[in-house]
Amino acid sequence: MLNYILARILTFVPTFIGVTLISFGFIRALPGDPIVVMAGERGLTEERYAELSAQYGFDQPIWIQFWDYLTGVLRGDLGQSFVTKRPVWDEFFALFPATLELSICAMIFAVVLGLPAGVIAAVNRGKFFDRALMSTALVGYSMPIFWWALLLIIVFSGILQWTPVSGRIDLLYFFPDPTGFMLIDSLASGQSGAFLSAVRHLLLPTIVLGTIPLAVIARQTRSAMLEVLGEDYIRTARAKGLAPGRINGIHALRNALIPVITVIGLSVGTLLAGAILTETIFSWPGIGKWMVDSIFRRDYPVVQGGLLLIAVMVMLVNLTVDMLYGVINPKIRKR
Amino acid sequence: MDEALSAEAAMVEERPGRLREFWFYFRENRGAVIGLSIFAVFAFLALFGPWIAPHDPTAQFRSATLQPPVWQAGGEWRFFLGTDPLGRDLLSRLIVGARFSFFVGVVVVAIAATGGILMGLVAGFAPRWLDAIIMRIMDIILAFPSLLLALVLVAVLGPSLLNAMIAIAIVLQPHYVRLTRASVMSERQKDYVTSARVVGAGYFRLMFVTVLPNCLAPIIVQAALSFSTAILDAAALGFLGMGAQPPTPEWGTMLAEAREFILRAWWVVTFPGLAILVTVLAINLMGDGLRDALDPKLKRS
């Protein structure tokens with residue numbers, strides 16, 4: 001077991017260095033002189049150029065530059081934004097709770113609807129419910145979510161006027177945000193209506209971001225359930241005379257959950273990619289919108305640092321999922 | 001003599017060819033057949049769109065901006081699905097736009113599959129160190145959320161449809177490498193590969209003639225799935241302003257241009273997205289059918 005964990009962590013190191021190399025190479029791959037790009041100033045004089053070159057370490061050989069960058073990253077130094085002049089690290093973690101809150105809500109939405117849908121479809125295999133649910137899931141899976149968001153805005157914000165179009169909360173409310181999670185902070189503030197406002201802002205983005213994971217979870221649950229339902233121990237349970245609800249809900253679902261949990265864990269990358277679109281459309285102040293805005297503002301240190309932090313986050317989650325999977329399923333460890 | 005020959009010919013006839021067998025299983029899946037039909041229409045529009053479209057997709061009818069579809073008050077037959085804010089015919093733009101999405105799908109899958117299969121074959125046959133290097137590089141690409149990496153690559157290369165395609169192909173490639181390598185690993189231990197090697201087949205022959213044809217089934221399914229992913233990602237990039245540039249009638253770009261009019265003119269937003277959804281859905285239906293028909297493990301007896 002320990003060997004498995006160690007081996008898995010060992011593969012993390014080269015990948016981490018590679019990811020760092022990509023984000024390091026990003027600024028240097030941009031068209032134009034990297035120093036001019038990094039300085040973000042027009043009409044550089046010769047002295048200023050040399051000064052900047054020394055400041056950013058561009059006069060050093062490339063491997064020393066990379067070493068400095070790598071050690072800087074490990075100390076949490078990712079440079080600072082051109083626009084706000086604040087450290088990239090601080091900006092990332094200031095905006096991260098917004099994305100995390102949205103992602104968690106989307107995942108809850110997906111699991112709460114997706115698991116029962118998959119179970120119902122599997123139990124009714126080939127019948128009407130199965131077909132209806134799986135067709136819906138395939139539509140959800142094929143959905144261009146940026147269009148889905150616009151449609152929901154037309155219906156719920158435009159025609160019905162139920163939900164606001166952008167932001168996390170109405171501007172009228174102001175309160176400290178110790179946790180960064182709007183739902184918790186608005187409740188803690190005790191202002192009447194604040195929590196409701198936060199919920200209404202969260203509603204559409206949650207649905208949009210949760211749609212594809214929902215479809216994936218429903219499909220995955222169905223196929224995992226079908227596999228488990230064919231096993232001998234289920235037949236034994238049936239022969240014993242257990243109620244169908246107990247068999248499906250407890251005996252089968254528990255074992256079908258293992259692959260489903262893996263899928264949930266591995267869809268973190270999908271969620272973040274979805275967050276880029278969702279946050280941009282709903283003006284949700286999270287890291288997805290932050291990255292897109294920075295790309296358009298040519299705020300390259302932010303793009304560079306954000307790219308690295310997001311990749312490392314995805315890698316850490318995948319590593320955790322892999323290890324948990326190894327703990328649950330001994331067969332995996334033996335490879 | 002003659003009789004024996006014809007009997008043999010009849011037997012050959014009776015044994016269904018691979019294609020026939022494939023079609024037999026594919027046809028059983030009704031969704032897949034519907035998907036295939038829609039895809040055929042899509043491919044037809046992609047090839048002949050400009051000759052079918054009632055108007056030039058970039059022609060601006062200044063007297064008829066934001067005209068609703070024909071069935072709504074104010075609509076007219078000339079502009080069946082209405083017009084956009086610049087007075088361009090929406091139906092014509094959608095028809096001509098099919099070719100961009102089709103093109104994206106074909107090019108991206110071609111680049112990603114060719115590169116991915118080659119690298120997967122090399123990784124499957126190479127010594128361990130080279131295999132490890134290739135797979136770690138693929139892990140690195142997979143660590144980035146695909147759309148984010150594509151966005152950043154386009155930021156480096158400059159926004160255009162071609163660069164978007166290159167970026168998406170790079171992002172999709174690792175899936176092919178992993179898939180090919182995994183099937184190569186399981187195939188190369190089989191007896192027929194050993195016997196080919198004993199007879200003296202070189203690595204090149206082993207890779208492309210002996211092993212590759214037997215690894216193709218999952219790769220074909222992956223190709224169908226990444227065709228739809230490519231269309232979705234290219235549309236997303238276009239929507240974010242990093243793909244095809246206006247006035248190209250690419251579906252995602254059309255959505256981006258229409259965004260500010262969503263509460264005034266539902267049709268400029270609804271139809272381009274619907275086109276993307278229907279196309280992607282058709283390809284995914286087809287992909288499911290392909291998987292059922294090609295994967296012997298899932299074949300119903």
*Yes/no for residue A:174 being of a type in the set (A, V, I, L, M, F, W, C) and touching a helix residue (DSSP H, G or I) at 6+ places or on another chain (Cβ under 7 Å)*: no
*May I ask you to list pairs of residues, at least six apart or on different chains, whose Cβ atoms are under 8 Å apart, with the first in the stretch A:1-24 being under 27 Å from residue B:149 (Cα atoms) and the second being in a helix (DSSP H, G or I) and among the hydroxyl-bearing types (Ser, Thr, Tyr)?*
A:20/A:69; A:24/A:69
*Does residue B:79 satisfy the criteria of being at pLDDT below 80 and either in contact with an Asp or Glu (Cβ under 6 Å, 6 or more places away or on another chain) or surrounded by 18 or more Cβ atoms within 10 Å (Cβ to Cβ) (or both)?*
yes
*Here are B:291, B:259: which of them is touching a helix residue (DSSP H, G or I) at 6+ places or on another chain (Cβ under 8 Å) and within 30 Å of residue B:70 (Cβ to Cβ)?*
B:259
*Can you tell me which residue among A:238, A:254, A:222 is open to solvent by 20 Å² or more (accessible area, probe 1.4 Å), more than 17 Å from the chain's Cα centre (by Cα) and modelled with pLDDT of 85 or more?*
A:222
*Of all the helices (runs of 4 or more DSSP H) wholly in the stretch A:205-285, which have at least 3 residues that are more than 14 Å from chain B (Cβ to nearest Cβ)?*
A:232-240, A:253-266
*Any residue at all in the stretch B:202-213 that is under 29 Å from residue A:137 (Cβ atoms), of a type in the set (A, V, I, L, M, F, W, C) and touching a residue at least 24 places away in the same chain (Cβ under 8 Å)?*
no
*asked:* What's the number of the only condition in (1) buried (at least 24 other Cβ atoms within 10 Å of the Cβ); (2) in contact with an Asp or Glu (Cβ under 9 Å, 6 or more places away or on another chain); (3) not hydroxyl-bearing (Ser, Thr, Tyr) that residue A:275 fails to meet?
replied: (2)
*residue B:48, sole failed condition from (1) open to solvent by 20 Å² or more (accessible area, probe 1.4 Å); (2) in contact (Cβ under 8 Å) with a residue 12 or more places away in the chain; (3) in a helix (DSSP H, G or I)*: (2)
_Answer residue from the stretch B:143-167, given it is facing another protein chain (nearest Cβ under 9 Å) and among the β-branched types (Val, Ile, Thr) and is nearest to the chain's Cα centre (by Cα) among those_ = B:154
*For the stretch B:125-204, please list each of the helices (runs of 4 or more DSSP H) lying entirely inside it that holds at least 2 residues being out of contact with any Cys (no Cβ under 6 Å at 6 or more places or on another chain) and open to solvent by less than 20 Å² (accessible area, probe 1.4 Å).*
B:128-143, B:146-157, B:161-187
*Going by the structure shown, is residue A:312 over 17 Å from residue A:94 (Cα atoms), of a type in the set (Val, Ile, Thr) and at pLDDT 80 or above?*
yes
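Just checking, which of A:305, A:245 is in contact with a Gly (Cβ under 7 Å, 6 or more places away or on another chain) and farther than 24 Å from residue A:205 by Cβ?
A:305
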*Report whether or not residue B:44 is touching a strand residue (DSSP E or B) at 6+ places or on another chain (Cβ under 6 Å), among the hydrophobic types (A, V, I, L, M, F, W, C) and under 26 Å from residue B:277 (Cβ atoms).*
no
*Among B:140, B:170, B:134, which is the only one that is farther than 21 Å from residue B:102 by Cβ and either among the acidic types (Asp, Glu) or more than 7 Å from every other protein chain (Cβ to nearest Cβ) (or both)?*
B:134
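Does residue B:233 qualify as being farther than 17 Å from residue B:164 by Cβ and of a type in the set (Asp, Glu)? Can you show your working first?
Details: farther than 17 Å from residue B:164 by Cβ: no; of a type in the set (Asp, Glu): yes.
No.
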*Can you find a residue in the stretch A:279-291 that is farther than 25 Å from residue A:25 by Cβ, of a type in the set (Phe, Trp, Tyr) and open to solvent by 50 Å² or more (accessible area, probe 1.4 Å)?*
no
_Considering only the stretch B:46-57, I want to know if a residue exists there that is farther than 21 Å from residue B:246 by Cα and over 32 Å from the mean Cα position of the chain (by Cα)._
no
*Check whether at least one residue in the stretch B:209-219 is of a type in the set (S, T, N, Q) and open to solvent by 50 Å² or more (accessible area, probe 1.4 Å), and report yes or no.*
yes
*Condition check for residue A:131: among the charged types (D, E, K, R) and within 14 Å of chain B (Cβ to nearest Cβ)*: yes
*Residue that is farthest from the chain's Cα centre (by Cα) [pool: residues in the stretch A:54-84 that are surrounded by 14 or more Cβ atoms within 10 Å (Cβ to Cβ) and of a type in the set (D, E, K, R)]*: A:68
*asked:* Let me confirm something: among A:78, A:44, which residue is within 26 Å of residue B:145 (Cα to Cα), in a loop (DSSP other than H, G, I, E, B), at pLDDT below 85 and out of contact with any Lys or Arg (no Cβ under 8 Å at 6 or more places or on another chain)?
replied: A:78
*Filtering the stretch B:51-65 down to residues that are modelled with pLDDT of 80 or more and outside any loop (DSSP other than H, G, I, E, B), which residue is surrounded by the fewest Cβ atoms within 10 Å (Cβ to Cβ)?*
B:51
_I'd like to check something: does the stretch A:167-177 contain any residue that is charged (D, E, K, R), over 22 Å from the mean Cα position of the chain (by Cα) and farther than 21 Å from residue A:103 by Cα?_
no
*residue A:294, sole failed condition from (1) in a helix (DSSP H, G or I); (2) more than 11 Å from chain B (Cβ to nearest Cβ)*: (2)
*asked:* Quick check on the stretch B:88-108. Is at least one of its residues part of a helix (DSSP H, G or I), among the β-branched types (Val, Ile, Thr) and surrounded by fewer than 20 Cβ atoms within 10 Å (Cβ to Cβ)?
replied: yes
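The values are calculated or read from the model by the stated rules, or taken from the named source; none is laboratory data. What you are looking at is a predicted structure, and each value in this text was computed from that prediction instead of being measured. Methodologically, a virtual Cβ is constructed for each residue, glycine included, from the backbone with ideal geometry; neighbour enumeration extends over all protein chains shown. The protein model used for the area step is the full one, side chains on, heavy atoms only, and it has no ligands, DNA or RNA in it. Shrake-Rupley method; radii C 1.70, N 1.55, O 1.52, S 1.80 Å.
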